[in-house]
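Notes for the one structure printed next.
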Amino acid sequence: MVIIMLGAPGTGKGTVSGMLSNKLNIPQVSTGDIFRKHIKEQTELGKLAESYISKGKLVPDDVTVELVKNRLQDEDVQDGIILDGFPRTIKQAEALDEMLKNMDRKVSMTVNLTTPEDELVERVVNRRICPKCKAVYNLVLNPPEKENICNNCGHELVTRKDDNEETFKGRLNTYFEETKPLVNYYDKQNKLFSAVVSKSINKMGKDVTKDVLDYIKKNHID
Ligand code: ADP
Ligand code: ZN
């Protein structure tokens, strides 16, 4: 099974991916997390990625595609993978189709998360993440039990460097220009499942996860 997560920054791709990963027992692979790991370790890739991420721009396609290509060879993702944040451009989507074809695999479904634009910025500036186990919190919607401490592993929570209002604007523009066309790309292939994540209708990550699992079952997705 190959599941793709689509959505603007702040819609909760990471949260839903994590829940799906637990329920379906297949790994979640976040290109954003991989880049952040490289940035922390100050590798060559990390330095390059940081120069784009800090401006709210996408890391170039060739670099990102190469990264995913290598990751797809790993043993642990042969039965299934949740791609959290990849592809993000039509070029990446086409490259992914090609890679999967060569492995006799294909995209199973795309989960497209949508959130009203005015809620997104609020979600992003209030986001806190656990650098150790990657759990995601929101100070307003989903605060940790102990202030600034991860419920799962006890590590101190951090704010992502790009989770500020200014960088967010750039990220949102990038999303509309480069990533949103993928909604149509996958819809045309009948591979799109869209879900609203919004406090205004009380639909949070866990509700959406349930809807996705129901959809997978009903449509015999594999
Ligand atoms: P979010 O969806 O909240 O923006 P991510 O962790 O998915 O967070 O991504 C953080 C940043 O990493 C993006 O703004 C982008 O600069 C970079 N990035 C992640 N995935 C990709 C990708 N597939 N292609 C290019 N850049 C990416
Ligand atoms: Zn943790």
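What the table shows:
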{"item": "Sequence of Glu44, Glu147, Glu156 when ordered by accessible area, the most exposed leading, probe 1.4 angstrom", "result": "Glu147, Glu44, Glu156"}
{"item": "Accessible area expressed per residue, segment 1-127, with surrounding protein chains retained (probe 1.4 Å, Å²)", "result": "46"}
{"item": "The chain - mean residue ellipticity at 222 nm from DSSP helices (-39,500 (n - 2.57) per run, n ≥ 4, rounded to 500)", "result": "-13000 deg cm²/dmol"}
{"item": "Candidate residues Arg36, Arg128: accessible-area rank, largest first, probe 1.4 Å", "result": "Arg36, Arg128"}
{"item": "Electrostatic dipole magnitude of segment 62-123 [Cβ: Lys, Arg +1; Asp, Glu -1; Cα centre; debye, to 20]", "result": "240"}
{"item": "Computed accessible area, Glu117, all protein chains, 1.4 angstrom probe, square angstrom", "result": "110"}
{"item": "Principal axes of segment 25-83: Cα extent on each, largest first, Å", "result": "35, 21, 18"}
{"item": "Surface share of carbon and sulfur [accessible, 1.4 angstrom probe, percent] for segment 12-159", "result": "48"}
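The values are calculated or read from the model by the stated rules, or taken from the named source; none is laboratory data. This is a predicted model, so every value here is computed, not measured. Every residue, glycine among them, receives a Cβ derived from its backbone with ideal geometry; neighbour counts consider all protein chains shown. Surface accessibility is based on the protein's heavy atoms, side chains included, excluding ligands, DNA and RNA. Shrake-Rupley method; radii C 1.70, N 1.55, O 1.52, S 1.80 Å.
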